[in-house]
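S.K.: Starting off with a structure, shown below.
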Amino acid sequence: MESISSVGRGYYNYYHDKSRYETPDGKAKTAWYDRDLTTEEIGKNNAGVLNKDYQCADLCRKLADAYQSIAESNRAKYSTAQEVKDAVWAKYTATGEYSAYSHEERAAMARNEIHMTLFGTIDNWNNDPHLKGTVSKNTHNGSNETESRAFNIKTLGAQFMNLWNNNGIDTSKINGSSFLFCINGMNLQATITLLKGEKQDSGLLDLMTKALNSNENASNLFYNLLYDANKQGILPHDSLAKWKLYSNFKEITGLDITTFKQTEKGFVDNNGVTAKEIFKESLKSTTKVPAEFKGAAYEYFEQQEKEAMKYDISKVPDLNLSMEYRNGYVYLNGDQKHIDYCV
């Protein structure tokens, strides 16, 4: 599939993906067809084939316009590229809201929204239904949502089978046993506990845990579970508020806000400086948030702190998400009876 880079309003590397071209000043560069960036510069940093004749530029500009406001909203909402990818793929595959469109169309929309959010580029101009007219969500998707959730669960099971096979784990040794996977949202580390079945070799459990904690597998699973649990309405409000505050503050400042003192003024460090002041100062120098979005990012943090202030954060448990894995299948039915075992 062709990858027509930067035929929208500009090219940038918002989340600083090391595999992509990085704009030196952190700002958007105008489209490559305006030759602010040479095709060689873009081409060597982007997958696919660049169209040297630019005959697809008009189509891609139309798609860029369709996704521009959505991409801006995503950049204000998600602090990492992985959060963007997880949320967007779930939006088009797990919610059932776009089940009226074909698999190819939904994949094209997901890829274009992700690429517009991350880089200001269009990835797939061929199958995107935005070229045909207005794209609408399903208005009645109860059964479709159920089917989509079942498909997502089935896909997760297949991914785990691939994970075990790729890491030399003999799946015949774990068949018939039930495992609890727990992921701590604060450090995105997973633990695996045997729930039921024959006693497992500790070396095998260690190998499974190591595989799950490699290559952002645990992080990806956490956001998948987070999305599903949110849809099911089973997330504890206090732990979720704590996690959101912690994650955003850590991403921008590099500091752990749970070490701050909670006061009437908000969270304060040992020197009496408020978390809001530190966040604001860090926003000034960070390249993770473009200048035009820094105001929105600060307001978003203020909202997160206000929500967290409803609770005594020092007494709020970390956000731990869990799932059961058995015989190549995962169970995400909202049953949180094992949550106390998550550490």
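Values quoted throughout were computed directly from the atomic coordinates according to the rules given, and no laboratory measurement underlies them. These numbers come from a predicted model, not from an experiment. A quick note on method: Cβ atoms are made from the backbone with ideal geometry, for glycine too, and the neighbour counts reach across all protein chains shown.
S.K.: Could you work out how much longer the chain between residue 302 and residue 214 gets when fully extended? Use 0.36 nm per residue separation minus the Cα distance between them, nm to one decimal.
M.R.: Difference between extended and current length: 28.3 nm.
S.K.: PRE reach from residue 138 (point 7 Å along Cα→Cβ): which of region 75-109 fall under 14 Å by backbone N?
M.R.: 91-103, 106
S.K.: Would you mind checking region 216-252 for residues with the amide N under 19 Å from a putative spin-label position 7 Å along Cα→C-beta of residue 269?
M.R.: Of the residues in region 216-252, 245-252 have backbone N under 19 Å from the label point off residue 269.
S.K.: So what J values fall out for region 176-185 if you push phi through Karplus, 6.51 cos²θ - 1.76 cosθ + 1.60 with θ = phi - 60°, rounded to Hz, Gly and Pro as x?
M.R.: Running phi through 6.51 cos²θ - 1.76 cosθ + 1.60 with θ = phi - 60° gives x, 9, 10, 10, 9, 9, 10, 10, 7, x Hz.
S.K.: Let me ask another. Report the full-extension gain for the segment residue 154 to residue 318: residue separation times 0.36 nm, less the Cα-Cα distance, to one decimal in nm.
M.R.: Working: separation 164, 0.36 × 164 = 59.04 nm, distance 2.80 nm.
Taking residue 154 through residue 318 to full extension adds about 56.2 nm, to one decimal.
S.K.: With charges set only on the Cβ (+1 for Lys and Arg, -1 for Asp and Glu), what does the dipole of region 181-286 come to about its Cα centre, in debye to the nearest 20?
M.R.: 240 debye
S.K.: State which entries of 18/62; 244/276; 210/231; 85/132; 18/288; 210/244 exceed 18 angstrom in Cα-Cα distance in the structure shown.
M.R.: Over 18 Å apart, Cα to Cα: 18/62; 210/231; 85/132; 210/244.
S.K.: Using the 10 angstrom Cβ neighbour count as an exposure proxy, how do 281, 264 rank, fewest first?
M.R.: 264, 281
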